[in-house]
Structure formats: C-alpha cells, structure tokens
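Written below as structure tokens is the structure these notes are about.
The values are calculated or read from the model by the stated rules, or taken from the named source; none is laboratory data. Since this is a predicted model, take the numbers as computed values, not measurements. Please note: Cβ atoms are built from the backbone with ideal geometry, for glycine as well, and neighbour counts cover all protein chains shown.
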Amino acid sequence: MKEKNKYGQYMTPIDVADFMVNLIKKGKASKCLEPSSGRGVFIDSLQNHNFKDILGIEYDKVLIQEFSNVINKSFITCEFKNEYDVIIGNPPYIRWKNLEPELKKELGSDELWNKLCNSLCDYSSIFIIKSIEALKNMGELIFITSDYWFSTTHAKNMRNYILENGYIECIYHFNETPIFDGVRASFVIFKFVKDTSKSPTINVTKYFSKKKLNRQILDSIKDGSNCNVVSFEIPQFHKDENWILAPTLTIQQINKYEKSCNNQTIGHICDIGN
Ligand SMILES: C[S@@+](CC[C@H](N)C(=O)[O-])C[C@H]1O[C@@H](n2cnc3c(N)ncnc32)[C@H](O)[C@@H]1O
C-alpha cells in the first residue's frame, strides 16, 4: 500500500527552481529564506546563483541531514518579522483534514491562521501569509503553488492580506502542465513584492501544454519564443475579488454578460458539479 505523504512532500525539479531564482531582482547579498526546504533544491539553486546568506527551514528531520544552513523546525512556529529580502520555495499543500495532528494543533494556536484562514484553506496558505510577515519592506516572495486559492471564496482573506501588504509583479500559470511527479493540478509561480507605495501592472504569462516542463521550455517561455504561451498585463487585483487571469477586455465582457443576466448567476440556469 502507498505510504501517506504526511508532510506534503513534492520536490521541485531543479529547472523550475532555477527559473524561479532567476526572477529575483534583489542583489546577491540578500538575506534569503526557504521556509519548507525539503531536499534543498532552492538552496542549491540560490547558491549556484551566488546568493550566500541562505536559511532553510524543514520540518522533516530525515531530509535535512546534509545541510548546515537548514533548521529542523516548523515554519509556523518561527517568529520571523521583517527579516528577509527574499523568500522562495514550494510550500506544502495539505488539506486541513489530512494534516498530521501535531501540525493541526500548531495552527490552532496561530494568530494569523485563526484570523485569516479556516479549515477549508490548505496548509500552503499559512506559508504565504507568514512569508509576507517575514519579508522586509521591499522584499520579494516567489512561490510555486496550486492555483486554486486565486478564486476560492475561503481564500478571500488571504488574497486581501496579500494586496494590503504589497503588489504582485508577475504570475506564470501552467494550466494542466505536469510539473510534479504524480500530481495533477494547475500550478502558478507568482512573485509578490512587499511594497505598498506602488501599484504596477501584473505581467501574466499563461502556458498551455501538457508536455512536462523542462529547461528548454522554461527558457522559451521566458524569452517569449514559445508558441504555447499567451502573455498580457493586467492591473493589480482588487480587494474581495477573485483573481482572474484574463485580459482586461475579457473581464469587462464577462462583467457585462453577468450584468445582462439580470442578477441571475449560472447556478440559476443549470446545476454545477465539481
Ligand atoms: C512541497 S515540498 C517542497 C520541498 C522543497 N521546497 C522543494 O521545492 O523541493 C514541502 C516541504 O515542506 C515540508 N514541511 C511540511 N510542513 C512543514 C512545516 N510546518 N515547516 C517546515 N517545513 C514543512 C515538507 O516536509 C516538505 O519537504
């Protein structure tokens, strides 16, 4: 029988980690944090890109043996506040109901979880929120996560929290592209900057292919030569809204269509299954 993946261990391919590290604009002297470092792919990539001041946090002690700069601790209990220039990684995605009892207990006494999340939120939410807390002003957060929280109602508080603390610089959306072995979901790489003084447009890149990502594909996505890519800019998202990755004109058309439905939603017309 397959053993339970109790800590949400899905390791990021090095090509993807390198792609994400290349999104960092901060200098090489930056203080960097990987809050759920696993087997250390982001730490390796940061080091290969000449970043020197790097700390990893990893809950599973089996994974950290070969690193001197990784602490065996839960990120949830780390009290980092305005300390890091760069936070990068792939936080664990675990549904509340599947969380190990000790991790559930930790969340139960976590102020930010209790304020912004609920039992329908998954574990990666608190990593996003706490990473924003841990960033210095102007710091950069780059994560790869599932895209589900862009549009679910129960992630609204978290989306609002993100917008209250800075802006989104770019989003890469991979639709159904396989990235992690054995996982079928849509993933996003997003970059957030903790700066409330600006509201620049967001660069959105959507990739449509079921071919597994590799370095060559990622390079062609980045330099704009990939024919399976659609790119556009959108204004920053608004409070209380879902984050829809579509050009402004498309969103206006959807809004117009919705209005013309006389306050009816699609649920008035048909049954919706999930
Ligand atoms: C999706 S994996 C990603 C690992 C690594 N960042 C990578 O990209 O290859 C998430 C990692 O988070 C670790 N983890 C789970 N709960 C944690 C916690 N509370 N604090 C720190 N790490 C945790 C898991 O053991 C796992 O290694």
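Scanning the stretch 34-66 for residues that are assigned to a loop (DSSP other than H, G, I, E, B), more than 9 Å from the ligand (Cβ to nearest atom) and under 20 Å from residue 142 (Cβ atoms) yields a count of 4.
The single residue among 102, 106 that is of a type in the set (Asp, Glu), in contact (Cβ under 8 Å) with a residue 24 or more places away in the chain and within 11 Å of the ligand (Cβ to nearest atom) turns out to be 106.
Please work out if residue 43 is touching a strand residue (DSSP E or B) at 6+ places or on another chain (Cβ under 6 Å), within 29 Å of residue 98 (Cβ to Cβ) and surrounded by 20 or more Cβ atoms within 10 Å (Cβ to Cβ). Criteria met by residue 43.
Among the conditions (1) under 16 Å from residue 170 (Cβ atoms); (2) touching a residue at least 60 places away in the same chain (Cβ under 8 Å); (3) in a loop (DSSP other than H, G, I, E, B), the only one that residue 240 does not satisfy is (1).
Residues in the stretch 111-139 that are within 11 Å of the ligand (Cβ to nearest atom) and either under 14 Å from residue 161 (Cβ atoms) or among the polar types (S, T, N, Q) (or both): 124, 126, 127, 130.
Filtering the stretch 212-224 for residues that are more than 19 Å from the chain's Cα centre (by Cα), away from the ligand (no atom under 16 Å from the Cβ), surrounded by fewer than 15 Cβ atoms within 10 Å (Cβ to Cβ) and part of a strand (DSSP E or B) leaves an empty set. Kindly evaluate residue 144 against the criterion of being among the aliphatic types (A, V, I, L, M), within 21 Å of residue 36 (Cα to Cα) and touching a Leu at 6+ places or on another chain (Cβ under 9 Å). So residue 144 does not fit the description; no.
Restricting attention to the stretch 67-78, and to residues there that are more than 9 Å from the ligand (Cβ to nearest atom) and assigned to a loop (DSSP other than H, G, I, E, B), which single residue is nearest to residue 126 (Cα to Cα)? Looking at residues that are more than 9 Å from the ligand (Cβ to nearest atom) and assigned to a loop (DSSP other than H, G, I, E, B), I get 69. Scanning the stretch 156-180 for residues that are under 21 Å from residue 120 (Cα atoms), surrounded by 18 or more Cβ atoms within 10 Å (Cβ to Cβ) and touching an Asp or Glu at 6+ places or on another chain (Cβ under 9 Å) returns a single hit, 159.
Restricting 20, 11 to those that are hydrophobic (A, V, I, L, M, F, W, C), part of a loop (DSSP other than H, G, I, E, B), within 14 Å of the ligand (Cβ to nearest atom) and closer than 30 Å to residue 220 by Cα reduces the list to 11. Total residues in the stretch 46-60 satisfying the condition of being surrounded by fewer than 22 Cβ atoms within 10 Å (Cβ to Cβ), farther than 18 Å from residue 25 by Cβ and out of contact with any Phe, Trp or Tyr (no Cβ under 7 Å at 6 or more places or on another chain): the figure is 2.
Scanning the stretch 190-211 for residues that are in a strand (DSSP E or B) and either hydroxyl-bearing (Ser, Thr, Tyr) or touching a Cys at 6+ places or on another chain (Cβ under 8 Å) (or both) yields 190, 191, 202, 203, 204, 205, 207. With respect to residue 175, is the statement that it is outside any strand (DSSP E or B), closer than 27 Å to residue 210 by Cα, away from the ligand (no atom under 15 Å from the Cβ) and modelled with pLDDT under 95 true? When the stated conditions are applied, residue 175 passes them. Counting the residues of the stretch 128-152 that are surrounded by fewer than 20 Cβ atoms within 10 Å (Cβ to Cβ) and farther than 20 Å from residue 171 by Cβ gives 3. The requirement of being more than 27 Å from residue 165 (Cα to Cα), out of contact with any strand residue (DSSP E or B) (no Cβ under 6 Å at 6 or more places or on another chain), within 13 Å of the ligand (Cβ to nearest atom) and at pLDDT 95 or above is fulfilled nowhere in the stretch 83-96; no residue meets it.
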